[in-house]
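We did not get these values from a lab; they are worked out from the coordinates using the rules stated. Just so we're clear, the structure is a prediction, and the values are computed from it rather than from any experiment. Ideal geometry is used to build each Cβ from the backbone, glycine not excepted, and the neighbour counts take in all protein chains shown.
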Amino acid sequence: MEHLYAVVLFAVSSSVTPGPNNIMVMTSGLNFGVKKSLPLLTGICVGFTVMLFLVGLGFAQLFVILPSLHLIIKCVGVLYLLYLSYFIARSAAKVESSEQSQPFTFMKGALFQWVNAKAWVVATGAIAAFTTVGASFFSQNLMIAATFFLVSFPCVGVWLMFGSMLKSALNSPRSRAVFNYVMSGLLVLSVVPVVNEIIEQLA
């Protein structure tokens with residue numbers, strides 16, 4: 001039972017802290033509201049759970065065998081995050097011109113986990129820290145994935161609600177555009193540590 005408590009605490013702390021997922025959800029909540037952002041929220045939570053489970057089943061071992069694959073995924077992840085920051089910044093310009101864009105879909109939220117640097121760190125960290133090799137490894141992996149699935153909805157949902165509440169506070173197109181530009185900038189900052197890691201690996 002103590003082991004389960006430790007997994008829950010890790011899941012809460014890693015899911016509720018700032019990161020690309022939460023920035024995306026908060027921005028979507030501000031621009032489109034809770035209802036239209038629910039597919040994105042669900043995609044993130046389901047997508048990360050599937051990713052975590054597959055990492056536990058042996059994806060991490062694949063990176064040991066093919067370390068270059070990990071570097072490739074990191075590079076793709078950085079490029080995709082930069083694309084998202086551009087997308088958010090572009091939506092800020094649309095807010096200013098009163099054009100309506102569409103929120104991210106369930107599938108985009110789910111697939112995004114595979115290029116999300118924080119998601120990889122959390123997934124590999126959870127498997128490394130809370131599993132032991134043995135007959136019960138599969139059940140341990142399943143328990144960790146299920147815990148993250150249950151915990152991630154309220155933790156990421158907090159950011160969605162926060163963004164939705166900001167919708168009434170930021171009630172002018174200009175203020176929403178400024179918010180989107182700030183969120184875009186934060187996404188760019190979030191990839192800086194990953195870019196440094198890539199440079200170190202290539203050096």
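When Y83, Y181, Y5 are ordered from fewest to most other Cβ atoms inside 10 Å of their Cβ, what list results? Intermediate values should be presented prior to the final figure.
Working: Y83 12, Y181 17, Y5 9.
If I rank by nearby Cβ atoms, fewest first, I get Y5, Y83, Y181.
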Determine, for C155, C75, the number of other Cβ atoms within 10 Å of each Cβ, and report the residues in order from fewest to most. C75, C155
Arrange M143, M183 by Cβ neighbour counts within 10 Å, fewest through most, would you? M143, M183
